[in-house]
Structures are given as structure tokens and as C-alpha cells.
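The values are calculated or read from the model by the stated rules, or taken from the named source; none is laboratory data. Source: prediction; values computed, not measured. Neighbour counts run over all protein chains shown; Cβ positions are idealised from the backbone, glycine included.
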Amino acid sequence: MLRILSSLAAALAVILLLHNSTLAAEAEKQPSMAVSCAAAAHWRDIAYLKPPMDRYRELKNCIAWTAYQFELPEELLYAVLYVERGEVNGKCSANTNGTLDCGPAQINEVRAGELKDFKLSMADLRHKPCHNIWAMGYLLRREIERADGHIWRGVGNYHYHYSVNPLIHERYVGRVRRAWQRLVRLSAELCPQEAAAKP
């Protein structure tokens, strides 16, 4: 267990380095909204150009690395972010039950206990978007494993456990699926050769 935690902590450090280098590169140039398929090496090069996903453009390397580390489809992380649409400025959203959802992936504060082994605080999840995305990947992978590898059951449980409210669970799964399908259509229309994988 200690080896796994050490490995995950090291991976988090790599994510931070990627994020910092991305910010430096973005600061040097004003990105163009024009899509150039010749310059697109991957669907992620076009997927974060327009609203509402342009707010995560500077985080695309964090998203890619998190997907790689947790062996998740990168398209899935994109789709969850598309549904959640959390802020990158430290603001949280209040729920009717009095809890807060924070950061790009809208991590609920009740999840804080699951992240304590990685020394991630709610302040980190609010103010450090890359940390927030890493936590999303960790929690998604954990829920999928708890669901015996069933990806959509795990995705739904990330939001609301099936055993508690199947309707809310399935509604969320449907929203994430549609967001993924939207990404497939977008990438196929703009740059067919770099299209995202289907869900």
C-alpha cells in the first residue's frame, strides 16, 4: 500500500510540472480560435478551443496525464468535466443538502476523507485545478473498481451511488454519455483524422 501511495504522490508531482509548463507556454501566446487539422496531433488540440470547455484549455496536459495514470479513457474525463463545468477560480457550488462541490470536476467535500492519504485538502481541490482533476481520476478509477470494472456503473457512482438513488445515478450516466458523444461528433466534424474514440 505504501508503494502505491508513493507512486501516486510521485505522479501528482509530475502532473504539477506538466501544468506549470503548460501555463508558461500559454502565457507567451494568445491562442487562436481557428482550428488547424494539420497542427492537431490529437483531438484534445481542438476540443478545448471553444466554450464551455475553453476554460480547461490550460489543463489539457493534466487531464491527459491523469487519464494515462489511472488507465481511463481521456474522452471520459473530458465528458465528466463537460457535465460538471466547475470553476477554475476557487469558487464552489452549494448543494441543497448543504455540502459544497469544488473545482473543475466539482468534487464534493464529503469525498475529502477518501483523499487524505494523498494529503489533498479541500483548499487544494478548490484552488489547484490540476489537483482537482487528479482527484477526479482517482475517484473515478476507485468507483469503477468497486463496481467490478463496470465503467458506467462506476461513473454514476462517482456522482451518486446507484443503491441510494438509481434515477439520479442513471440520469448522470446519460449526461456523461451524451457529452462523450458530442465530443466524438465535434472532433469528427472538425478533424476527422483526429476524431475521439466512441463511448
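Can you name the residue in the range 73-106 that is farther than 19 Å from Tyr56 by Cβ and among the small types (Gly, Ala, Ser) and is also surrounded by the fewest Cβ atoms within 10 Å (Cβ to Cβ) among such residues?
So, considering only residues that are farther than 19 Å from Tyr56 by Cβ and among the small types (Gly, Ala, Ser), the one surrounded by the fewest Cβ atoms within 10 Å (Cβ to Cβ) is Gly98.
I'd like to check something: does the range 181-188 contain any residue that is touching a residue at least 40 places away in the same chain (Cβ under 8 Å), farther than 16 Å from Gly86 by Cα and among the polar types (S, T, N, Q)? Explain how you work it out, then say what you get.
Narrowing the range 181-188 to residues touching a residue at least 40 places away in the same chain (Cβ under 8 Å): 182-184, 186-187.
Applying the additional criterion that residues be farther than 16 Å from Gly86 by Cα yields 182-184, 186-187.
Going one step further and asking which of them are among the polar types (S, T, N, Q), we end up with 187.
For the range 181-188, residues touching a residue at least 40 places away in the same chain (Cβ under 8 Å), farther than 16 Å from Gly86 by Cα and among the polar types (S, T, N, Q): present.
Being in contact with an Asp or Glu (Cβ under 9 Å, 6 or more places away or on another chain) and at pLDDT 95 or above, is that true of even one residue in the range 180-188?
yes
Output the residues belonging to the range 59-73 that are without any contact (Cβ under 8 Å) to a residue 40 or more places away in the chain and either assigned to a loop (DSSP other than H, G, I, E, B) or of a type in the set (D, E, K, R) (or both).
The one that is without any contact (Cβ under 8 Å) to a residue 40 or more places away in the chain and either assigned to a loop (DSSP other than H, G, I, E, B) or of a type in the set (D, E, K, R) (or both): Lys60.
It is to be established whether one or more residues within the range 71-82 are at pLDDT 95 or above, at positive phi, in contact with a helix residue (DSSP H, G or I) (Cβ under 9 Å, 6 or more places away or on another chain) and not hydroxyl-bearing (Ser, Thr, Tyr).
Yes, some residue in the range 71-82 is at pLDDT 95 or above, at positive phi, in contact with a helix residue (DSSP H, G or I) (Cβ under 9 Å, 6 or more places away or on another chain) and not hydroxyl-bearing (Ser, Thr, Tyr).
Could you tell me whether any residue of the range 107-121 is in a helix (DSSP H, G or I), under 19 Å from Lys60 (Cβ atoms) and not charged (D, E, K, R)?
no
Give the residues of the range 156-177 that are farther than 14 Å from Gln106 by Cβ and in contact (Cβ under 8 Å) with a residue 60 or more places away in the chain, sorted by residue number.
Arg177
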